[in-house]
Amino acid sequence: MKPKRIVRTVISLSLLAALMAIIYSSQTSDSSNPHAAIPRETWIHGPKGHGYAVVNNQQPWKQCYECHEKKGLGGEAYCQSCHDQSGVKAAIPQRPAQ
Ligand code: HEC
Ligand code: HEC
């Protein structure tokens, strides 16, 4: 092989490797779940966990339920059933009447 071809081959191979690395890393974490990267304990009980997120954006029907329903977890009932089990008295913001 001529030197130029070797260089081209090396470049194509490294591009292919980079592409495979991207595809691989996008599949190892659930990219559709925004809180998959947050440790469960932090997300449930942490001072900046899900309660904080909900209280601060106030729109769980927009930010949370759609995806939870799509994943088969359920909307507000899913949140509520865990709160009931844990004895949490949290006011979940309600979608305003339109
Ligand atoms: C794009 C998808 C998606 C969105 C948006 C989303 N969630 Fe989730 N959520 C999931 C999935 C999938 C699970 C179940 C798997 C898991 O435990 O991570 C889950 C589980 C949870 C749990 C239970 C975690 C556990 O370990 O039992 C809580 C609490 C939660 N979500 C809160 C929220 C809140 C609050 C929002 C909005 C601010 C939200 N989620 C938005 C996908 C989503
Ligand atoms: C797996 C259990 C679980 C699920 C599912 C869950 N929660 Fe909670 N939530 C808790 C617990 C436990 C607390 C009490 C906070 C603590 O322990 O520090 C809490 C607290 C809250 C608070 C009060 C926060 C504050 O600072 O007053 C809100 C609001 C809230 N949750 C909203 C939601 C919404 C909305 C969903 C569904 C999208 C949801 N939660 C799903 C367990 C859960």
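Can you tell me which residues in the range 45-72 are hydrophobic (A, V, I, L, M, F, W, C) and more than 6 Å from ligand 1 (Cβ to nearest atom)?
The answer is VAL55, TRP61.
Could you give every pair whose Cβ atoms fall below 6 Å, whose first residue belongs to the range 33-50 and is closer than 13 Å to HIS68 by Cβ, and whose second residue is near ligand 1 (Cβ under 8 Å from one of its atoms) and in a helix (DSSP H, G or I), counting only separations of at least 6 or pairs across chains?
Cβ pairs passing all conditions: HIS35/TRP43; HIS50/TRP43.
Evaluate the range 59-70: report whether one residue or more is among the polar types (S, T, N, Q) and exposed (fewer than 12 other Cβ atoms within 10 Å of the Cβ).
no
Computed from the coordinates by the stated procedures, all read-outs in this text should not be read as laboratory data. Computed from a predicted model, the values in this text were never measured in an experiment. Virtual Cβ from ideal backbone geometry, glycine too; neighbours counted across all protein chains shown.
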